[in-house]
Each structure stands twice: as structure tokens, then as C-alpha cells.
1. Need one number: % antiparallel among DSSP beta bridges in the range 99-237, to the nearest 5.
2. How far is helix 244-255 tilted, in degrees, relative to the longest principal axis of the Cα atoms in the chain, given as a value from 0 to 90 rounded to the nearest 10?
3. With unit charges on the beta carbons (Lys and Arg positive, Asp and Glu negative) and the dipole taken about the Cα centre of the range 1-106, which residue among SER82, LEU104, GLY27 sits farthest to the positive side?
4. Please give the helix 270-279 orientation as an angle from the longest Cα principal axis of the chain, in degrees from 0 to 90, rounded to the nearest 10.
5. Rounding to the nearest 10 and keeping the result within 0 to 90°, find how far the Cα-based axis of helix 83-100 lies from the longest principal axis of the chain.
6. If you put +1 on each Lys and Arg Cβ and -1 on each Asp and Glu Cβ, how big is the dipole of the chain around its Cα centre, in Debye rounded to 20?
7. For VAL268, tell me the accessible area in Å² from a 1.4 Å probe, rounded to the nearest 10.
8. Consider just the alpha-carbon atoms of the chain and return their Rg together with their Dmax, both in angstrom.
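The values are calculated or read from the model by the stated rules, or taken from the named source; none is laboratory data. Owing to the predicted nature of the structure, the values given are computational and were not obtained by experimental measurement. Every residue, glycine as well, gets a Cβ built from its backbone with ideal geometry; the counts of neighbours run over all protein chains shown. Please note that ligands, DNA and RNA were not included when accessible areas were found on the heavy atoms of the full protein model with its side chains. Shrake-Rupley method; radii C 1.70, N 1.55, O 1.52, S 1.80 Å.
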Amino acid sequence: MQDAGAASDEPTRLANIIGPMFTGQSGWRQELPDGARVELIAGADAQDDCAVFRVDGPLEIVLGSDYVRGPKFHLYELGHLSNYDIGYYLAMANLSDVAAMGALPIALLSVIRYPRSLSDADFAVVMEGIRDACREVGTLNVGGDIGSAERIILSASAVGIVEQGGSLLRGGARPGDRLCVTGPTGIAASAQRYFGGDGPTRLRPEQEELLISAWRRPRALVGQGRCLSRSGVVTSCQDTSDGLKAGVQSLAAASGVGFVVEEAELPVADIVAKVAALTGGEVTSTVLGDSVDFQLVFTVGEDDAVRLAKVFADEGFQLFDIGYATEEREVRLRRADGTVEDLPGVPWRHAT
């Protein structure tokens, strides 16, 4: 029996871990409602230089890539996230970008670099997290790269397909369009504030689990993205991986419009309000700030908003109308008392 702490070389891990874990991929298919489809000819199980898809029918291919911090997540360092969790997070972070484009995911390519001391068991757990996240949204990890480095480095690229003309872009919002979001934001930021603080914990265990699940089990909203794309009425869209404020600002910049966000219409999760009360935080700033909740923020023409809301409800999805686009290129918040101010909260900015 192999030592649980053993660390094999790259070819051994490919043969003993990657091969068995991803066997049987070749032949997998994904199909759009209009009949266009792709078939995986060579996946991770083939261990060729590249994965190969056969494409049949007119479609658009959506590609995205994202790096995550690996073990430098603060909650990982504090013991709240496992190696499985950061693998899962890596996959969902990339698949969320595909969802925000309205596409159906067909593949994830992952890059896992690690120190030589990382055991086979720990490496396998990271890969299992990636595999299971892909399964959760009905796609496959079809390959990528593994090898040694000075520390764990996690990166990936996601691939999706969408009907011709169906890709949801950030540019396209028009003055008068309604600004909507698919669900509450601020939960991931609240988890960081709660678990990363030095104060006593006061939430019930099930509430703490709800908080940490924003990091352990994020969800790419593929169904909602497909619904938005197929509706034909959405004028702009992106996910809230950099925070709701950042998302709204990005839509404004790409579309050449401004927005008024109505504080009274923002969906606020009970757990966000509870953590704010416990830690002295401000709820609206938390909801709008740098919280990686992977919701979708989008715009839709005023005349189409009610119809889209019904389509969402029929599918069991949430849709919250939180404001509207303006000709003035300022992004503002209308407080519940009617006063108007700059949008609060700190958007995520990648360090240079």
C-alpha cells in the first residue's frame, strides 16, 4: 500500500490519478436546443496533447480563463477551506464566466502547479474538487497541465457554446433599461468578515455553514444564464465575481450609460444582515462591495422586464429589479429615504 504522504512525479500522477479519475470521457456530447452540438473526441482520458471536440451546426464558442489564489485564500489559511474546496472553487469561478455569457459549458482546462512536497493524496483531493464542480453543472474537466512549482498555483480556462447571436455581452445597455440581479450578494464578504475576525462566534452552526458554503460550494448559474440568452431581450450581462458594484460599473462603462440603484430594492440575505449587526458592518456597502457571490447582474428593456420575470419564475429562478440605466454616465445609489449619493462599497480590484 502506498504511503498516504507519498509524492509521485508527474507521469506517475497522470497514470495513477488523472487517468482513472477521468476515464470514459471520450464520446461525451453537449447539444443546444436548435440542434447544434459538440462531441468530445479526445478528453483527459486519452492523455493526448490537447482535447478534441467535433462541432456540428452553427454556434458561438465562448472562452474564459481565471487564476485563483490557491492556498492564499485567507479562509484556507485559517482552516475553513480544504484542498477539495479550493479545487471546487477554481472550477466554479471559471464556469461562472461562461454562465454570464449565456453559454452551455462544454469543457474546463485546469492548471495545477504544486510544491514537490504535496502528497499524491492531497493532489488527488484538489482534482476531485475540480471534477465534482464540473459534474455539478454538467460538463467535464478535459485536461490542462500539472507539474511542480514553488507553491500551489491554480488556474483554469472554461469553454462554452451558445446559439449564434446569443452571447451576452457587457455592452448594450440603453437608457431606461431595467437593472436586475439573480440573487442576494454580500454573503461571501460576510463570511470573510465573520470567520476572519478575532471576535467570538455567535451564529448557530447552520448559519455558519450557510456563510462558509459561499466559498466551499459556489455555484455557476448556468441555467439562469441560458434563460437570459434564450429570452432574446437581455441587453447586457456579467457575473458579480468582483462584487455587485464592480459589475454595475462594468456594465455602465461598456455600454456608455449610467445607473441608479435603488437601495430599497436590493435583495439582502438575512445572514448578511446578521453578520453586519455582529461585526459593526454596513449592510448596503457589504451587498455592493467586493463579495464573490457569482450572481448575474444584467439589463433588460423596460417593456420586456415583466415578461422576463415571469419566464424566470416559471423556471424556478429569482430575479430582482434593482434600478435603471440613465443617459448620465454616473452610477448612483438612491437611499431608502430618497437621497442620492455615489454607490457605496469597495469593488474588487486585481493587484498589479
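1. Roughly 55 percent of the DSSP beta bridges within the range 99-237 come out antiparallel.
2. Result, in degrees: 80.
3. So the residue furthest toward the plus end is SER82.
4. It is inclined by approximately 90 degrees.
5. 50
6. Values: 31 positive and 49 negative charges, 40 e Å.
Computed charge dipole of the chain: roughly 200 debye.
7. Result for VAL268: roughly 60 Å² accessible.
8. Expressed in Å, the Cα Rg and Dmax of the chain come to 21.1, 69.
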